[in-house]
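Structure, as C-alpha cells:
The values are calculated or read from the model by the stated rules, or taken from the named source; none is laboratory data. All of these numbers come straight from a predicted model, not from anything done at the bench. Every residue, glycine as well, gets a Cβ built from its backbone with ideal geometry; the counts of neighbours run over all protein chains shown.
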C-alpha cells in the first residue's frame, strides 16, 4: 500500500473536527419587552373579596336566623343577633384558614371550590358545636344548620363569580407584580425556576453590568442590558419591584448598584439566599431552593390599607362631584367669562412611580401664557394670573377638578402633591436639588397632604423649600394610615382659609 494514501489518527481527527467559531450572543432589544399595565394590587383584591364574603354571608345568616327565631322562643332579639354574629365569625375564620381567597394562577375551579366547601361545612360544624355548648336551651340546631347551608350556597355562587373574574385577571397578567432583576446569577436562575411553577411574578428582564459574561437569557427571561439601560427605560415607571440577585459576598457590586438606583421610586429588594452560608456537604435541595425576597426600601402597605384608601377616594370624590356639580359649573362659567380660553387646564405631572398623567385644574392663567412645564413658578403679583384666577388659586378652588383624577385612580385625596414634569426651581430642575426627591413618588399623589397642612403650599422658589416639601412628603409616606389621612383632610380647610403667607 502506498504511503501517500495512509492517514494517521491525528490527521484524520483534525480533518473531521475543525474549530467552530464562537457565535456572538444576540441580545433581545429592550424596546421589545411587553410590560403589562393596569396592574391590580393582589393584597387589596383579596381583602375586598374577603370583606365581600363576610358581608354577604353575615347578611344571609342573620336573615335566616332572625326569621327562624322571632316568635319561637320568646327571647327577643338577643338570641338571633348572638347566633348570627357567632356564625359570621365561624365562616370568616374557616375561610381565612383555608386560604379560599388566595386564587393561585395554577389553581383549578374544582380545587378552589373544594376549599370553599371545606371552609363552609367546617364553619357549620364549629358553629353548631359552640352554640349547643353555650346555649343548648336557646339555639335550635336545625335552624342553625339551615342558615349555615344557605351560607355555603351563597359562598359557592360568590366564589364561582370570583374565580372566573380573577382567572381573567391572571390571564392578562394584571395581578402579578412586574419584576426586573439586577444580576444574571444563580440566585436569579433559581428564583425564575420557582416562579415558573407558582407564576406569582411577572419577571420581565434581567440587567447586568457584566453583560459580556451574561447569557442571552435565563430560562426564557432575557438579559437585555446594563443598569444604565434600565435607568433610561421608558417603561420603568410600570415596574413594581427591582430585585437585586447578587450573592451576599458581592458587597462592592451591591453597593454600586444601590448607589445607581437609590433615587428611583420603584421598590428595591434583595434576594436572601440563605443556603450560601451552609456547608455544601450538608445542603439539602429544599435549602438550596428556599430563596426569599427582602425589601430594602420599606414594605408596601397592607392590602386592607390599600383597599380602604381607594374606597375612601371613590366615595368622597364621587359624592363631592355629584353634590358640588352646581358650584363647579359656576366656577367654570366664571373662568370662561373672565378671559378667553377653556375653563379647564390640563398639565402633565409625575405620579406614582414617576408615571406621567394629566392633572385637571380650573384655568387660572391667561391662555396664551400657560406654562405646561412650570418652567416659571407663580410669584406675587404675577400678571399671568387672571382676576378670577387669583381668587380660585387663593382659595384652592382651582384644584377641585382633580376630584376627577382621584376618581380615575391617578391621584388620591391625600398624598404628596404632584409636581409638573420638568418643574424648575430657579434655573434648576427641582428633582436635582434633593437626593430623596423621587421617594415622594412611592405612593399616589394627593389633592392635599402632610406638607400642605404644615405650611408647604404653592410654588417652591429655592432649594430649602424643595427640601422641606420632600421631607414632609417622605414623613407622610412613613406614617400613612387611614386615620392619618382623615386627620389631614379635616385640617386642610382651616389651613386654606387661614393661609395668608403662601403665594398661590
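On inspection, residue 40 qualifies as within 18 Å of residue 307 (Cβ to Cβ) and either modelled with pLDDT of 90 or more or within 39 Å of the chain's Cα centre (by Cα) (or both). Could you list, in sequence order, the residues of segment 94-106 that are free of Cβ contacts under 8 Å to residues at least 60 places away in the same chain and surrounded by fewer than 16 Cβ atoms within 10 Å (Cβ to Cβ)? Passing the criteria: 96, 97, 99, 102. Of everything in segment 377-400 that is in contact with a helix residue (DSSP H, G or I) (Cβ under 7 Å, 6 or more places away or on another chain) and in a loop (DSSP other than H, G, I, E, B), the residue that is modelled with the highest pLDDT is 400.
For segment 441-468, the set of residues classified as surrounded by 22 or more Cβ atoms within 10 Å (Cβ to Cβ), in a helix (DSSP H, G or I) and without any contact (Cβ under 8 Å) to a residue 40 or more places away in the chain consists of 450, 451, listed by residue number. Within segment 247-258, one or more residues are out of contact with any helix residue (DSSP H, G or I) (no Cβ under 7 Å at 6 or more places or on another chain), modelled with pLDDT under 85, assigned by TED's automatic domain parsing to the domain that holds residue 195 and buried (at least 16 other Cβ atoms within 10 Å of the Cβ).
In the set 183, 220, which member is exposed (fewer than 15 other Cβ atoms within 10 Å of the Cβ) and outside the structural domain of residue 351 (by TED's automatic domain parsing)?
Residue meeting the stated conditions: 220.
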